[in-house]
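Reviewing the structure listed below.
The values are calculated or read from the model by the stated rules, or taken from the named source; none is laboratory data. Quantities reported herein were computed from a predicted structural model and do not represent experimental measurements. Backbone-built Cβ (ideal geometry, glycine too); neighbour counts: all protein chains shown.
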Amino acid sequence: MQALVEHLLQIPAMDWAKMVIMWVIGGILIFLAIKKDMEPTLLLPLGFGAILVNLPLAASTGVISTEGPITTLFNAGIANELFPLLLFIGIGAMIDFGPLLSNPKLFLFGAAAQFGIFFTFSIAALISPMLGFDITDAASVAIIGAADGPTSIFVAQYFNSKYMGAIMVAAYSYMALVPIIQPAAIKLVTTQKERRIKMEYVQKDVSKTVRILFPIIVTVIAGLVSPNSVALVGFLMFGNLIRECGVLDSLSETAQKVLANLVTILLGLTIAARMNYEAFLTWQTIMILLLGLIAFIFDTIGGVLFAKLINLFSKKKINPMIGAAGISAFPMSSRVIHKMGLKEDPQNFLLMHAAGVNVSGQIASVIAGGLIISLVEGIFLV
């Protein structure tokens, strides 16, 4: 006991202060998860893990030592990108691509809404020497704009970014803040008249054959167009194939609930290993949060502006707000757009149109992640 007290007294006051700050950050994440219901399956374990790995003797007691449980989980599930891929099976099983398949042109909006990723990557790449980043860090940070946590983790780990903890906090925080950030960004680039545009929705039946073929075809196309995204797309589409095949209902339900929730909890605890105060409490973390916000805002604006561009050449007008749903935060973004439409006009029902764009954003964000990897490896790392 005396040796323990002596060891604690030898810790510098500045280190104690940094540990306390991380405890506070962990507490805030737990508060947001419980009190505000913001991504609780992830922010709760992430917040608890942030406290756990910043205890005074965390390293020496084995929590984050070389052979400790969190380090073992990290090596088993994050270092080889296994956890994000398993999570994509669950996400794929949750998604109904029906609204997109009944109106395939909506996929264009999902693609347009990835503008913020490449815009932020360009900015981060230009100023990376001043920020202390390298080009791979710029790529990892830019993916935050898709509001797609698993893809952000996949890209960050692919490039072995030392800022993974900050990237994950930013990615999932902005996912949870969709109802706050997106309306403000949308109103910035639209008029009230545009937000009141009504879109008629005609229910179209999508055959079971089409629903089964869709994930297979998308995987093949992704493998040809963006090989680096094929693992992410493949696991996402495999999850959707489980959902649509009609003979694996119990497995589909397990993937949607048990698998997705369990992997998310493990992700939160495991990523916390990268939230040690020495790595997390840097000014680069603040810049990551700022650049992630820029990417997210410009993803939203990019989708809206693309819809406005389409309206210049189309007789049948599109409500530009649905373009904002092209990010990967499903189904939050489509619900936000629907609520905004109803607020402008109680008879303006945009849910199904926004849902079609939203699920297209799931695919587009994953492909964008693969393209970013290919771009960095093909141009900057040759």
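Pairs are defined by a Cβ separation below 6 Å, a sequence spacing of at least 6 or placement on different chains, a first member in the range 153-174 that is closer than 21 Å to Val336 by Cβ, and a second member that is surrounded by 24 or more Cβ atoms within 10 Å (Cβ to Cβ) and small (Gly, Ala, Ser); the pairs so defined are Ala170/Gly292; Ala171/Gly149; Ala171/Ser152; Tyr172/Gly149; Tyr174/Ala147.
Being crowded, with 18+ Cβ neighbours inside 10 Å and under 14 Å from the mean Cα position of the chain (by Cα) is a description that does not apply to Leu269. Here Gln182 meets the list (1) over 17 Å from Gly326 (Cβ atoms); (2) polar (S, T, N, Q); (3) buried (at least 24 other Cβ atoms within 10 Å of the Cβ) almost entirely, failing just condition (1).
If you filter the range 320-350 down to residues that are more than 25 Å from the chain's Cα centre (by Cα) and either among the acidic types (Asp, Glu) or in a loop (DSSP other than H, G, I, E, B) (or both), you find that the one that is nearest to Ala368 (Cα to Cα) is Phe349.
Within the range 79-94, the set of residues being at pLDDT 90 or above and either over 25 Å from Glu253 (Cβ atoms) or of a type in the set (Val, Ile, Thr) (or both) comprises Ile89, Ile91. Residues of the range 130-142 that are touching a residue at least 40 places away in the same chain (Cβ under 8 Å) and either outside any helix (DSSP H, G or I) or hydroxyl-bearing (Ser, Thr, Tyr) (or both): Gly132, Phe133, Thr136.
Considering only residues that are of a type in the set (A, V, I, L, M) and not in a helix (DSSP H, G or I), look in the range 143-191 and name the one that is farthest from the chain's Cα centre (by Cα).
Restricting attention to the range 143-191, the residues satisfying the condition of being of a type in the set (A, V, I, L, M) are 143-144, 146-147, 153, 155-156, 164, 166-171, 175-178, 180-181, 184-186, 188-189.
Next, only the ones that are not in a helix (DSSP H, G or I) stay: 147, 177, 189.
Working: Ala147: 4, Leu177: 12, Val189: 24 Å.
The selected residue is Val189.
One residue stands out in the range 192-209 among those that are part of a loop (DSSP other than H, G, I, E, B) and either over 30 Å from Ile242 (Cβ atoms) or among the β-branched types (Val, Ile, Thr) (or both): the one that is modelled with the lowest pLDDT, namely Val202. Filtering the range 224-254 down to residues that are exposed (fewer than 15 other Cβ atoms within 10 Å of the Cβ) and charged (D, E, K, R), which residue is farthest from the chain's Cα centre (by Cα)? Of everything passing the filter in the range 224-254, Asp249 is farthest from the chain's Cα centre (by Cα).
To keep it simple, each residue is scored yes or no on (1) modelled with pLDDT of 90 or more; (2) small (Gly, Ala, Ser); (3) closer than 22 Å to Ala79 by Cβ.
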position	(1), (2), (3)
Leu241	yes, no, no
Leu251	yes, no, no
Leu262	yes, no, yes
Leu269	no, no, yes
Ala272	no, yes, yes
Asn276	no, no, yes
Gln284	no, no, yes
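Scanning the range 239-273 for residues that are out of contact with any helix residue (DSSP H, G or I) (no Cβ under 6 Å at 6 or more places or on another chain) and basic (Lys, Arg) yields a single hit, Lys257. Just checking, does the range 158-179 include any residue being crowded, with 20+ Cβ neighbours inside 10 Å, of a type outside the set (A, V, I, L, M, F, W, C) and within 30 Å of Lys316 (Cβ to Cβ)? Within the range 158-179, none of the residues are crowded, with 20+ Cβ neighbours inside 10 Å, of a type outside the set (A, V, I, L, M, F, W, C) and within 30 Å of Lys316 (Cβ to Cβ). Checking each residue of the range 274-286 against the condition of being without any contact (Cβ under 8 Å) to a residue 40 or more places away in the chain, among the hydrophobic types (A, V, I, L, M, F, W, C), assigned to a helix (DSSP H, G or I) and within 22 Å of Asn160 (Cα to Cα) gives at least one match.
Would you say Gly223 is at positive phi and either in contact (Cβ under 8 Å) with a residue 60 or more places away in the chain or not acidic (Asp, Glu) (or both)? Outline the logic, then answer.
Numbers: at positive phi: no; either in contact (Cβ under 8 Å) with a residue 60 or more places away in the chain or not acidic (Asp, Glu) (or both): yes.
Answer is no for this residue.
Put simply, of Val263, Val258 the only residue that is out of contact with any Leu (no Cβ under 8 Å at 6 or more places or on another chain), of a type in the set (A, V, I, L, M) and either exposed (fewer than 15 other Cβ atoms within 10 Å of the Cβ) or not in a loop (DSSP other than H, G, I, E, B) (or both) is Val258.
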